[in-house]
1. Across bins of 10 angstrom width beginning at 0, how are the C-alpha pair distances of the range 110-285 distributed, in whole percent?
2. To make sure I understand the rule: partners must be aspartates and glutamates, Cα under 12 Å from the Cα of residue 106, and not fewer than 8 residues away in the same chain. Which ones qualify?
3. Can you give me the relative contact order of the chain as a percent, contacts being Cα pairs under 8 Å and 6 or more apart?
4. Ranked highest first by average number of other Cβ atoms within 10 Å, how do 69-77, 352-360, 209-217 line up?
5. Computed on alpha carbon atoms, what radius of gyration and Dmax characterise the range 20-109, expressed in Å?
6. Please give the peptides 393-400, 34-41 ranked by average Cβ packing (other Cβ atoms within 10 Å per residue), highest first, as a rough proxy for protection.
7. Using only the Cα atoms, what convex hull volume per residue in Å³ does the chain have?
8. Expressed as a whole number of Å, what is the distance separating the alpha-carbon centroids of the range 231-257 and the range 349-384?
Amino acid sequence: MTPDMLPGHPHFSYRGDALFAEDVRLGELARMHGTPLFVYSKAAMLSALAAYQRGFDGRDAQICYAMKANSSLGVLQVFARAGCGFDIVSGGELARVLAAGGEAQKVIFSGVGKTRDEMRQALAAGIGCFNVESEAELNVLSDVASAMQLRAPVSIRVNPDVDPKTHPYISTGLKDNKFGVAHDDALRVYRHAASLEGLRVAGIDCHIGSQITDAAPYLDAMDRVLDLVTAIEAAGIALAHIDFGGGLGIDYNHDTPPAADALWRQLLAKLDARGHGGKKLMIEPGRSLVGNAGVCLTEVLYLKPGGQKNFCIIDAAMNDLPRPALYQAFHAIVPVTLPDQDAPAAVEARYDVVGPVCESGDWIGRDRALRVAAGNCLAVMSAGAYCMSMASNYNTRGRAAEVLVDGSQAHLIRRRETVQDQMRQELLVTG
């Protein structure tokens, strides 16, 4: 095993037989903090962000990290200090942004089901824009803002009916998805928004899905959106910004998404050719900033040979790493310490890597070739996005600890959750 066998993870590499995150030995972190343990590379996050920054060099653009990918405060702090805004989908996420030092005016509030309380919270904080996803939401937001004697800045999320060629659960821009306003209805809805006293039309928004590995759907969606920009402005409604969402994929299993800077060179060329290059641009990357910046360390509990399958039972489970159970997703699984090839326990076999949760869906990897023994530590790669943020307490399992690595320094950014933490808000019936 050599560093070039960890595709997409330039900040994780083997030195001798030990796997490192930047300049920190992962095995030492596992011994110090226990497992399961999420470890993130700050350099990997900033390197991914830098590709977007290069792509927008010289442009009026705001990069808003889509924090649903990973909302841990230590991760948000990295992006806040780097000047990012944030794309949120709940009032709780807004509270996290502010706690991590983010600026409210750089916040975009997306999502199909904003409540009146969340609208009031966001308006009071002074967020930058609401991405509105239905005509009914426009009416409610206008009422809420008017009652506060404010005007809510809005962009309308338009559904361009473009196939992103990704998993159906993370496709968001087709006709039968719940998100956004239909392309054919958009002009009428914009006219309605412009008529409401509590709203100020600020821009237009589009997001077609996640883990997209081909530039073509982005180019198609941009054409559809720019057609609408022309029509909306011809109707006398000015649009100060265009928001093209996020969704760029990462390398999970030899995937080959375009580099962010290369993708945006293509998109900006089209934007300029269509005469809209002077508008402010907003984008909302999530997975592509954090996905390959994180790993989950886990201990092998038992090896269980079987007639049809061999099972490698680990202490991480579907509550820690939900993507395989939800999407049949692939995560590379590698040893934290390379095995001694001459040791008796170093015989390679093929295993289904599974967790201890009482569900047949609790698997992390299928049919993996591993040289492994009980007590060994494994690293589940590409675990920075949609793992901790989707983690649960199923089977009363505490959520994992998290560590942020910065060069040779390792910072604990989340303590391991205890059973007492889980039960703190629960009450027994008395009398």
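All of the numbers you see were taken from the coordinates with simple rules; none came from a lab. Keep in mind that what you see is a predicted model, and the values were worked out from it rather than measured. Note that each Cβ is placed from the backbone with ideal geometry, even for glycine, and that neighbours are counted across all protein chains shown.
1. Result returned by the calculation: 10, 38, 34, 16, 2, 0.
2. 87, 284
3. Relative contact order, the chain: 19 percent.
4. 69-77, 209-217, 352-360
5. In Å, with Rg to one decimal and Dmax whole: 15.0, 46.
6. Ranked by mean Cβ neighbours within 10 Å, highest first: 34-41, 393-400.
7. Considering the Cα atoms of the chain, their hull volume per residue is 162 Å³.
8. One Cα centre to the other: 36 Å.
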